[in-house]
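Below is one structure, written out as structure tokens; the observations come after it.
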Amino acid sequence: MEEDTPAVFPRGSGEEGRPSDQAADSHPWILIASILGSSMAFIDGSVVNVALPAIQTSFNSVVSEVQWVVNAYTLMLGAFILVGGSAGDLYGRRNVFTAGIVIFTLAAAVCGIAPSIVLLISARTIQGLGGALMIPTSLALINAAYRGPARSKAIGTWAGFTAISTSIGPLAAGWLIDTFSWRPVFFIYLPVALLTLLIVLAKIPRVPVAQRTTGLDWQGALLAAFSLGAITFALVESSNRGVTDPVIILSALTGLVILAIFIIVEKRKANPLVPLGLFRSHTFAGSNLLTLLLYFGLSGAFFFLPFNLVQIQGYSATLTGLSFLPFTLLLTVLSPWAGGLVSRYGPKKPLIIGPSIAGLGFALFALPLQGNSYVTTALIPVSVLGLGMAITVAPLTSTVLGSIDIQRSGIASGINNAISRIAGLLAVSILGLVAVTLFSSSLQQEMRAMDLSPQQQTAVMEERQSLAALVVPDSIQNGDRQSVEIAVDRSFLRSYRVVMLIISGLAFLSAAVAAVSIDERDLQT
């Protein structure tokens with residue numbers, strides 16, 4: 001069996017924790033490969049979000065179908081990223097990292113040629129499995145290659161350069177959508193994947209690891225996937241069927257029962273998918289709760305923002321992609337500096353200040369009305385959010401990895417990544433339900449003030465699942481048609497503002513979690 005991280009001197013050699021000279025030669029290549037691999041995953045979130053309005057129009061889809069384009073990927077990622085982390089520790093991070101890149105990229109290519117929304121969602125599911133193998137092993141490679149202050153700096157560099165590549169994604173996606181269609185967006189990954197594979201195969205050495213007597217916890221992974229899938233189905237489809245529908249109730253109860261079984265099974269296993277004992281560390285538990293709250297907000301904001309910019313504000317896909325640029329530029333410039341803050345001041349202060357600034361940024365999204373300037377609608381909120389996240393990302397990553405023994409860095413990275421992805425899964429599902437409910441209520445009130453027949457009102461409300469993409473029925477013409485269109489826009493903005501304020505509150509709550517839970521004495525160097 002082979003491990004794919006640099007060898008270290010054995011304990012008692014006087015050089016414990018220092019990489020060998022031969023392994024040190026590969027450090028820059030490990031960092032570059034990890035940056036490129038992680039970039040594909042980060043690019044995915046931003047470019048797919050930019051493409052969602054075009055995908056919705058192309059397939060004439062309702063919001064729940066668009067949610068599944070995001071959630072199918074996130075579901076598999078959240079459920080199996082833990083397997084990816086453990087697989088890297090057991091079978092070699094280089095091998096697992098490589099397999100993840102191949103699966104992720106091939107599935108993305110299928111997304112680009114999908115003739116139906118069903119096949120697109122299916123390919124996104126497979127793409128999530130590839131991401132689950134690729135993401136945790138990329139950070140685990142860095143964590144094993146560097147020690148002490150060099151590790152914090154490397155993680156900061158990883159965060160910064162990942163942001164550079166991520167900034168290109170939305171711009172390229174917007175241009176491709178405006179010039180061609182949404183389909184070429186999924187081929188952005190191909191050159192990045194090819195370059196990463198060449199570096200991995202040519203420059204990252206294979207290092208032997210000890211034989212293990214335990215394998216992967218596939219039982220735990222499947223239980224997690226079924227539990228999350230059932231709960232997600234209930235949340236997403238409840239906006240269509242209603243929360244009292246027997247199918248929704250059965251799905252939610254099934255998910256909760258399987259979740260309880262998962263916890264029981266994990267407690268009894270010798271090699272659990274989620275070693276629950278890791279959460280005895282207040283710092284590890286607190287940093288993961290912070291991750292859940294903050295990334296819930298980030299995923300929810302970036303899901304709804306493109307719909308506001310394209311369907312309400314009238315931005316092109318290119319300009320919508322450009323709107324993400326301040327966020328990624330701030331991450332690029334400030335993340336290496338934020339990584340250095342951990343060595344100088346510890347992680348606690350950045351993890352209080354950063355999420356608080358992000359919370360302000362989320363709140364600023366709730367202020368603009370339809371037709372406001374780009375500066376107030378996008379530039380200022382995105383920039384404030386980017387500043388907050390730039391201060392947060394590198395210290396948060398260092399805290400998660402530093403609170404656990406290095407031998408378990410793969411599973412620690414996997415757990416934290418899983419939580420961030422599950423946060424996104426829950427955000428799109430829960431906030432989607434909130435948005436549809438508020439939108440429907442507001443639209444119903446708006447139409448009561450109009451001179452519409454009951455049949456016309458019913459026809460409009462039957463399309464409420466499309467949110468701002470609602471197409472006014474042909475039976476409504478002239479001034480009434482314009483009035484309904486205005487009502488749709490107003491109703492969407494009302495629901496959008498409430499969603500953003502909820503997100504803002506969760507970001508401030510995550511800062512409070514950091515204040516009370518992170519103990520810098522728990523951290524290893």
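The values are calculated or read from the model by the stated rules, or taken from the named source; none is laboratory data. Note that this is a predicted model, so its numbers are computed, not measured. Positions of Cβ are backbone-derived with ideal geometry, glycine not excepted, and every protein chain shown enters the neighbour counts. Heavy atoms of the whole protein, side chains included, go into the accessibility calculation; ligands, DNA and RNA do not. Shrake-Rupley method; radii C 1.70, N 1.55, O 1.52, S 1.80 Å.
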Size of the dipole of the chain about the Cα centre, Lys and Arg at +1 and Asp and Glu at -1 on the beta carbon, nothing else charged, in debye to 20? 1060 debye
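Rounded to the nearest percent, how much of the accessible area of the chain (1.4 Å probe, protein heavy atoms only) is carbon and sulfur?
Numbers: 13290 of 20320 Å².
For the chain, the apolar C and S fraction of the accessible surface comes to 65 percent.
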Between Arg344 and Ser122, what length comes free when the chain is fully extended (0.36 nm per residue of separation minus the Cα-Cα distance, one decimal in nm)? 75.3 nm
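Rank-order 386-399, 243-256, 115-128 by packing density, defined as the average count of other C-beta atoms within 10 Å over each peptide's residues, highest first. Present the calculation step by step, with values, prior to reporting the outcome.
On the way: 386-399: 27.9, 243-256: 14.6, 115-128: 18.9.
Answer by packing, highest mean first, reads 386-399, 115-128, 243-256.
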Contour minus Cα-Cα span, Val257 to Leu198, at 0.36 nm per residue, comes to 16.8 nm
Order by protection proxy (mean Cβ within 10 Å, highest first), peptides 220-233, 471-484: 220-233, 471-484
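Past 28 Å, Cα to Cα, is the threshold; run Lys269/Lys348; Lys153/Lys267; Lys153/Lys203 against it and keep the listed order.
Working: Lys269/Lys348 33 Å; Lys153/Lys267 36 Å; Lys153/Lys203 21 Å.
In this structure, Lys269/Lys348; Lys153/Lys267 lie more than 28 Å apart at Cα.
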For the range 371-414 and the range 41-68, what is the separation of their C-alpha centers, rounded to whole Å? 23 Å
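When the helices in the chain are scored as -39500 (n - 2.57) per DSSP H run of 4 or longer and the sum is shared across all residues, what 222 nm value do you end up with, to the nearest 500 deg cm²/dmol?
Values: 17 runs with 393 residues, N = 525.
Calculated mean residue ellipticity at 222 nm is -26500 deg cm²/dmol.
With contacts defined as alpha carbon pairs under 8 Å and 6 or more residues apart, what's the relative contact order of the range 372-511 in percent? If you can, show how the numbers build up before the last one.
Numbers: 64 pairs, mean separation 31.4, N = 140.
Normalised by residue count, the contact order of the range 372-511 is 22 percent.
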Two-site FRET efficiency, Met450 against Gln370, from Cβ-Cβ distance with R₀ of 22 Å, rounded to 0.05: 0.75
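Skip the ligands, DNA and RNA, and give the accessible area per residue of the chain with a 1.4 Å probe, whole Å². Write out the running numbers ahead of the final one.
Numbers: 20320 Å² over 525 residues.
Ligands and nucleic acids excluded, the figure is 39 Å² per residue.
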Charge dipole (the range 51-189, unit charges on Cβ, about Cα centre) - positive-most of Val83, Ser181, Ala140: Ala140
Assign one of three labels to the range 190-284, namely rounded, prolate or oblate, based on the Cα gyration tensor with a ≥ b ≥ c the square roots of its eigenvalues; rounded applies when a/c is under 1.5, prolate when it is not and a/b is larger than b/c, and oblate otherwise. oblate
What FRET efficiency, computed as 1/(1 + (r/R0)^6) with R0 = 35 Å and r the Cβ-Cβ distance, is obtained for Leu509 and Glu463, rounded to the nearest 0.05? 0.50
Which shape class, rounded, prolate or oblate, goes with the range 364-429 when its Cα gyration tensor gives a ≥ b ≥ c as root eigenvalues, a/c under 1.5 marks rounded, and past that a/b bigger than b/c marks prolate? oblate
Tell me, what is the percent relative contact order of the chain, built from C-alpha pairs under 8 Å that lie six or more residues apart? 22 percent
Please label the shape of the range 110-174 as rounded, prolate or oblate, based on the square roots a ≥ b ≥ c of the eigenvalues of the alpha-carbon gyration tensor (a/c under 1.5 means rounded; beyond that, a/b larger than b/c means prolate, else oblate). oblate
